[in-house]
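One structure below.
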Amino acid sequence: MTEDEIILTHILKCTRADLILKKQKLDPSQERQYKEYRSRRAKGEPLQYILGSWDFYGLEFNVSPGVLIPRPETEGLVDAALKNFKGVDILDLGTGSGNIAITMAKLLPYVQVTTVDTSLDAIEVAINNAQIHGVESRVEFVHADMRDFLVSHEKRYDMVISNPPYIPSPQMSHLPLDVQQEPSIALDGGEDGLDFYRLIIKTSPYLITRGGYLIMEFGDGQAEAIKDLARAQPLFSHREIFKDLAGKDRIILLSTRSV
């Protein structure tokens with residue numbers, strides 16, 4: 001759908017087919033709402049924040065300023081995780097709106113998921129999303145800095161999954177205006193964008209069960225550097241890269257077993 005169609009179907013609470021075939025019209029109140037949305041969008045506010053929710057993996061998630069917006073590329077992270085997951089316990093690092101953790105819990109009704117985020121705003125949104133999707137009893141939300149959590153936590157997990165901040169700091173000011181309105185703490189990955197990958201891979205021997213997996217999303221052009229980090233970690237016997245819908249390297253799967 002076009003952006004205008006997304007706004008109209010949201011206001012009219014109808015499908016795109018209804019919008020086109022039934023030629024539904026806005027009443028005066030809806031017309032004012034439409035103009036307000038278009039005005040906010042023209043000023044660079046992310047459409048997802050304006051609408052207050054967004055689709056991820058066929059599920060609707062509430063989003064608000066202070067929470068990273070779910071993106072289609074991250075659906076590939078869930079695809080790869082579902083394809084390879086074996087076990088019960090999952091750790092989601094940097095949960096944001098909870099879209100990854102909640103989707104995994106929704107599709108795998110036997111799993112227990114622990115999530116970590118440094119933003120209290122994000123944790124509150126994620127808890128609400130878990131309640132909406134009926135998985136709050138199987139998803140634990142931990143409010144903590146990922147760096148502190150990783151060096152102090154003792155439990156091991158069958159899969160660690162993460163879409164960590166990966167934008168290099170020097171590029172932050174060059175991001176599109178709407179992306180710049182998302183929380184910088186969820187985007188800024190340090191000077192080369194790899195700070196969190198170094199830490200996660202370094203601490204992975206203390207996080208992952210024998211036979212477990214680490215799976216992460218990464219940014220454009222970072223595949224080789226992350227593979228080098230993984231090669232330096234003797235825990236992993238298998239490394240695999242998955243591409244996104246645009247054909248770009250986007251996901252790395254690391255396993256402690258031969259696959």
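Inside the range 210-237, can you point out the residues that are touching a residue at least 40 places away in the same chain (Cβ under 8 Å) and within 23 Å of the chain's Cα centre (by Cα)?
Gly212, Tyr213, Leu214, Ile215, Met216, Glu217, Phe218, Gly219, Gln222
Scan the range 180-194 for residues that are open to solvent by less than 50 Å² (accessible area, probe 1.4 Å) and of a type outside the set (Gly, Ala, Ser) and report the count. Show your work before the answer.
Of the residues in the range 180-194, the ones open to solvent by less than 50 Å² (accessible area, probe 1.4 Å) are 182-183, 186-187, 189-190, 193-194.
Retained after the next criterion (residues that are of a type outside the set (Gly, Ala, Ser)): 182-183, 187, 194.
Residues in the range 180-194 being open to solvent by less than 50 Å² (accessible area, probe 1.4 Å) and of a type outside the set (Gly, Ala, Ser): 4 in total.
Return the only residue of Tyr157, Tyr166, Tyr197 being buried (at least 18 other Cβ atoms within 10 Å of the Cβ), in contact with a Pro (Cβ under 8 Å, 6 or more places away or on another chain), at pLDDT 95 or above and closer than 26 Å to Ser237 by Cβ.
Working: Tyr157 fails: in contact with a Pro (Cβ under 8 Å, 6 or more places away or on another chain); Tyr166 fails: in contact with a Pro (Cβ under 8 Å, 6 or more places away or on another chain).
Answer to the selection: Tyr197.
Among the residues of the range 128-145, are any small (Gly, Ala, Ser), surrounded by 14 or more Cβ atoms within 10 Å (Cβ to Cβ) and more than 20 Å from Ile69 (Cβ to Cβ)?
The answer is yes, given that some residue of the range 128-145 is small (Gly, Ala, Ser), surrounded by 14 or more Cβ atoms within 10 Å (Cβ to Cβ) and more than 20 Å from Ile69 (Cβ to Cβ).
Any residue that is of a type in the set (Val, Ile, Thr), within 14 Å of the chain's Cα centre (by Cα) and either surrounded by 14 or more Cβ atoms within 10 Å (Cβ to Cβ) or over 20 Å from Pro70 (Cα atoms) (or both) - is there at least one of those in the range 201-208?
No - not one qualifying residue is present in the range 201-208.
Here are Gly44, Gly87: which of them is part of a loop (DSSP other than H, G, I, E, B) and either of a type in the set (S, T, N, Q) or farther than 17 Å from Asp158 by Cα (or both)?
Being part of a loop (DSSP other than H, G, I, E, B) and either of a type in the set (S, T, N, Q) or farther than 17 Å from Asp158 by Cα (or both) holds for just one of Gly44, Gly87, which is Gly44.
Confirm whether Tyr34 is touching a residue at least 12 places away in the same chain (Cβ under 8 Å), surrounded by 16 or more Cβ atoms within 10 Å (Cβ to Cβ) and on the phi > 0 side of the Ramachandran plot.
Answer is no for this residue.
Consider Gly190 carefully, then state whether it is touching a Pro at 6+ places or on another chain (Cβ under 8 Å), without any contact (Cβ under 8 Å) to a residue 60 or more places away in the chain and on the phi > 0 side of the Ramachandran plot.
Here the answer is yes, as Gly190 does meet what is asked.
Identify the residue in the range 92-107 that is in contact with a Ser or Thr (Cβ under 8 Å, 6 or more places away or on another chain) and not in a loop (DSSP other than H, G, I, E, B) and, among all such residues, is nearest to Phe149 (Cα to Cα).
Checked the range 92-107; the qualifying residue nearest to Phe149 (Cα to Cα) is Leu93.
Of the residues Ser39, Ser53, which is at pLDDT 95 or above and touching an Asp or Glu at 6+ places or on another chain (Cβ under 7 Å)?
Only one candidate qualifies: Ser53.
Does Gly96 fit the bill of being buried (at least 20 other Cβ atoms within 10 Å of the Cβ) and closer than 22 Å to Thr203 by Cα?
Yes; evaluated as a whole, the condition is true for this residue.
Of the residues Pro46, Pro72, which single one is over 21 Å from Thr118 (Cα atoms), open to solvent by 40 Å² or more (accessible area, probe 1.4 Å) and in contact (Cβ under 8 Å) with a residue 12 or more places away in the chain?
Working: Pro46 fails: open to solvent by 40 Å² or more (accessible area, probe 1.4 Å).
Going through Pro46, Pro72 in turn, just one is over 21 Å from Thr118 (Cα atoms), open to solvent by 40 Å² or more (accessible area, probe 1.4 Å) and in contact (Cβ under 8 Å) with a residue 12 or more places away in the chain: Pro72.
If a residue has to be on the phi > 0 side of the Ramachandran plot and in contact (Cβ under 8 Å) with a residue 24 or more places away in the chain to count, how many in the range 1-31 make the cut?
0
Here are Leu253, Leu245, Leu177: which of them is modelled with pLDDT of 95 or more and either open to solvent by 30 Å² or more (accessible area, probe 1.4 Å) or in contact with a helix residue (DSSP H, G or I) (Cβ under 9 Å, 6 or more places away or on another chain) (or both)?
Leu253
The values are calculated or read from the model by the stated rules, or taken from the named source; none is laboratory data. The structure presented is a predicted model; accordingly, all values stated were derived computationally and were not measured. Cβ sites come from the backbone with ideal geometry, for glycine too, and all protein chains shown count toward neighbours. The area values use the complete protein model at the heavy-atom level, side chains included, leaving out ligands, DNA and RNA. Shrake-Rupley method; radii C 1.70, N 1.55, O 1.52, S 1.80 Å.
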